[in-house]
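Have a look at this one.
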Amino acid sequence: MDNELHKYKMICTLKFGDIYGQIIIWLIVIFISLATTLALWSSTRQIYALATVGIVLVLSLPFLLFAFVTTLLNRIEFVPMEEELFSKTVRGSSSKISSAESRA
């Protein structure tokens with residue numbers, strides 16, 4: 001069963017264009033939050049301004065992180081290795097193991 005795990009290689013095909021829209025949305029959320037803070041900022045409403053920033057960021061961050069993580073996980077592929085690459089990998093790891101055993 002352990003040999004079955006070595007017959008696949010993991011490839012991440014994530015590109016900057018995949019998350020570009022998410023970065024733009026996050027920047028818009030930050031700027032709206034800052035605009036709200038400036039609109040509420042006065043000598044009597046400073047705590048409301050800070051609370052608004054905290055609420056906006058805390059409520060939006062989980063959704064944006066969820067979107068990024070699901071995009072990342074959707075771009076990970078497991079591709080079967082060719083037989084010759086698999087045999088090189090197994091031979092290379094077994095020679096490392098035998099050389100480590102001979103040193104001990």
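The values are calculated or read from the model by the stated rules, or taken from the named source; none is laboratory data. Small disclaimer: the values here were computed from a predicted structure and weren't measured. All Cβ positions, even for glycine, are placed from backbone atoms using ideal geometry, and neighbour counts span all protein chains on display. The protein model used for the area step is the full one, side chains on, heavy atoms only, and it has no ligands, DNA or RNA in it. Shrake-Rupley method; radii C 1.70, N 1.55, O 1.52, S 1.80 Å.
Let me confirm something: among Thr71, Thr44, Thr36, Thr52, which residue is in contact (Cβ under 8 Å) with a residue 40 or more places away in the chain and polar (S, T, N, Q)? Explain how you work it out, then say what you get.
On the way: Thr44 fails: in contact (Cβ under 8 Å) with a residue 40 or more places away in the chain; Thr36 fails: in contact (Cβ under 8 Å) with a residue 40 or more places away in the chain; Thr52 fails: in contact (Cβ under 8 Å) with a residue 40 or more places away in the chain.
From the options Thr71, Thr44, Thr36, Thr52, the qualifying one is Thr71.
Does Ser43 meet the test of being of a type in the set (Gly, Ala, Ser), open to solvent by 100 Å² or more (accessible area, probe 1.4 Å) and modelled with pLDDT under 85?
When the stated conditions are applied, Ser43 passes them.
Restricting attention to the stretch 73-88, which residues are at pLDDT 65 or above, open to solvent by less than 100 Å² (accessible area, probe 1.4 Å) and not in a loop (DSSP other than H, G, I, E, B)? Reasoning before the result, please.
Of all residues in the stretch 73-88, those at pLDDT 65 or above come to 73-83.
Still in the list and also open to solvent by less than 100 Å² (accessible area, probe 1.4 Å): 75-77, 79-81.
Within the stretch 73-88, Ile76, Glu77, Val79, Pro80 meet the criteria.
Of Ile32, Ile25, Ile19, which residue is open to solvent by less than 70 Å² (accessible area, probe 1.4 Å) and under 30 Å from Arg75 (Cβ atoms)?
The conditions single out Ile19.
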